Structures are given as C-alpha cells and as structure tokens.
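Just below is one structure, and these are the notes that go with it.
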Amino acid sequence: MNATSSEAAPVPAAGRIILLTTSHRVAPGLLSWPAWQALHAADRVLCSDGAHPQLPYLREAGTAVEVASPSAEDLLDACAGGKTVVVVATGEGEPTLTDGLARLAGSGRVSMPELELLPASYDLPGARLLDLVQVMDRIRAECPWSSQQTHKGLAKYGIEEAYELVEAIEEGDRDELREELGDVLLQVVFHARIAEEDPDTPFSIDDVAGGIVTKLIHRHPHVFGDETATTPEEVKEHWLRTKAIEKQRTSVTEGIPLGQPGLALAAKLASRVRTAGLDVPLPPTEGIGYDLLALAVRAEADGIDPEAALRAAARVYRDAIREVEQ
C-alpha cells in the first residue's frame, strides 16, 4: 500500500446555515448591515412564506429568494461542499426546521454545517404596542362580545381598571402593577379601535397618541423650547399657564368631572381655588357631607390626598375586621 492510499480521504466541508429572523414590528426592508452581507454572500436564500413582507425588498436589492419549505435533511444537502444557505424565517421562527436540525445534530451520525441565528432587525422601545393594536383589530372583528361593545358599554371597565391600578400602586405589588397598567392600556386601545368605526368623526390610536404627544411638547417648553424650569414648582407653573391658554376657560371649575368620588372631587375643587388664589369660604351649612368637605379641603391644603388617606385607613379597618373574624 503506497503512502497516498494510506492517507485519510478529505472530509467535505459541511457548509453553513443562517437562520435570518426579522421583526414584523419593523418596517420591511430595514435590515442590519450584517444581514445584508449574509444575504449577498449566500449561495441560496430560502423562505417558506411566499407572502413574507421582506421578499419584495430583498428581490429589489438583487437577492434571489426561493420560496421553499426545506426539511432539515434538505438543508444539509444544500450546504454540501461548503455552501452557505440563508433561511428567511417566518413570524413563527421555523420551529419544525430548527427541531429537525437539533435532532440531526444530536444523532451524531451526520456532519453538521455551521449553524447561526442572525437577527436581521431589532424591535425599538414600544414596538410591542403594535402587537396590541394588531390583536385588538382581530378581537374587534372576530370576537362576538368585543365586536358589540360601545364607548358607553365599556365606561364602567375603565373606572374599575383605574381603581385596580391605584390599588396595585398603593399595595406596592410590582407584578400587579405591570398587569394593571396593561389592563388600563387595553381600555385606551379598545376605545380607539371603536372610534375608528364612527361614520362622522372617526379617529384611531395614532390620533390619540399624536394628540398627547403634541400636548406634552407644548406643555413642556422647558424641555422642548426656550423656557427654563429648575424646580417642580416652576414646571407646574409652566403646565398651568399653557393649559389655561389652551382651554380658555371662564371658570376654574371647568374640566373637573363631577362623577368622581366625593372626597377626590372636593379636593380637586379646593386645589383649583388655592391655585387660582381665590378666597372662597366653605358653605356654612351643617351636616356630614359638609364636614367631609371641610376635611377634604384641609387635607388638600396639607398636601394629603383625602381619597388615598381614607383608603389607607379603610385597609387598616379591614385588617382589624379579619382579626376579629379569626
């Protein structure tokens, strides 16, 4: 046997598989530079979804994309000889394909190509809000209950969720706080989705967000303009001044919802009176309601939220009740 025949035969290169993931929350075509490099250098680019939103932009950029659903074995064959195959993942992330590749790798019977997971685009902060809008669209269209709801019908839920949010804050429960913030956010998105269907004056969640963005910028001239504010008091002064110009109200009582809880209503009225520098004596009438009014005004002057104070006292009373019951 000569030396040449005794040498081991060279092992053919197993190649490379790149699983390219994109975010549906990022506009199609906005890919990272490493993603574009991988796409241009690949021997083949595959995608199982012919309607994938990235495909038109990839083809426009000169990348030939084959619409195919290869098995794990098919991919290994495609990589034979050291070739590189890029798989543009669908929204589900190609679980069947990745499971198949993991199974082959675990068998130890085949020479596996190099495997790489390459994120082609990343979500920006707030991107999951787009998911919420998308889910709400589908629920509104397909759910028998949600599709029949109106602004008036949902009003009570908005009040309930707001109270549950306040309770989570006062209890200091971080998990509950996150959940209740989501429930409050749902109310906003739900109402905005219903408003899109108004035949006369429709608006969308984008209009809602755009309105509050404009308001925040206008009422923070010390952040977005030339004004200066170095203390919370100065910030509040800016806010009240710009708000007064916007609203053009003829009374300090305008804009105060009379349907809110009594103590909160009394404290809000007292706050408006104090901020405006008015001298308005309390009604001289006697009775429990007027006693509570006086207490609420006094609490507001001392910087105390009477509603929160009463809830805190009520919780202590609740605990005392439970101790007696036990």
Legend entry - Separation in nanometres of the label points that stand 7 Å from Cα toward Cβ, at W145 and A209: 2.7
Legend entry - Fully extended contour minus Cα-Cα distance, from D319 to L154, at 0.36 nm per residue: 56.1 nm
Inset, instruction - Note down the magnitude of the dipole of the chain about its Cα centre, charges +1 on Lys and Arg C-beta and -1 on Asp and Glu C-beta and zero elsewhere, to the nearest 20 debye. - result: 520
Inset, instruction - Could you work out how far helix 174-195 tilts from the main Cα principal axis of the chain, as a 0 to 90 degree angle to the nearest 10? - result: 90
Inset, instruction - Compute the Cα gyration tensor for the range 58-189, then decide on rounded, prolate or oblate, letting a ≥ b ≥ c be the square roots of its eigenvalues: rounded whenever a/c is under 1.5, prolate when a/b is larger than b/c in the other cases, and oblate in all that remain. - result: prolate
Inset, instruction - Would you kindly calculate the mean projected area, averaged across all directions, of the convex hull enclosing the Cα atoms of the range 259-326, in square nanometres? - result: 5.9
Legend entry - Residue (of A162, L177, L130) at the positive-pole extreme of the range 125-203, dipole from beta-carbon charges: L130
Legend entry - Selection from H151, I245, T96 lying farthest towards where the dipole of the chain points positive, charges on Cβ: I245
Inset, instruction - Please give every one of the lysines within straight-line cross-link reach of K243, meaning a C-alpha to C-alpha distance under 26 Å, and leave out same-chain neighbours fewer than 8 residues apart. - result: K215, K268
Inset, instruction - With runs of 4+ DSSP H residues as the only contributors, calculate the mean residue ellipticity of the chain at 222 nm using -39,500 (n - 2.57) per run, divided by the residue total and rounded to the nearest 500. - result: -17500 deg cm²/dmol
Legend entry - Candidate aspartates and glutamates for bridging to K156, where Cα separation is under 19 Å - those fewer than 8 sequence places away on the same chain excluded: E164, E167, E179, E180, D183
Inset, instruction - Sequence neighbours fewer than 8 away in the same chain don't count; with that in mind, list the aspartates and glutamates whose C-alpha is under 20 Å from K236. - result: D226, E227, E246, E254, E300, D302, D305
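Any read-out appearing in this document is the output of simple, stated calculations on the displayed coordinates, not a laboratory observation. Source: prediction; values computed, not measured. Note that each Cβ is placed from the backbone with ideal geometry, even for glycine, and that neighbours are counted across all protein chains shown.
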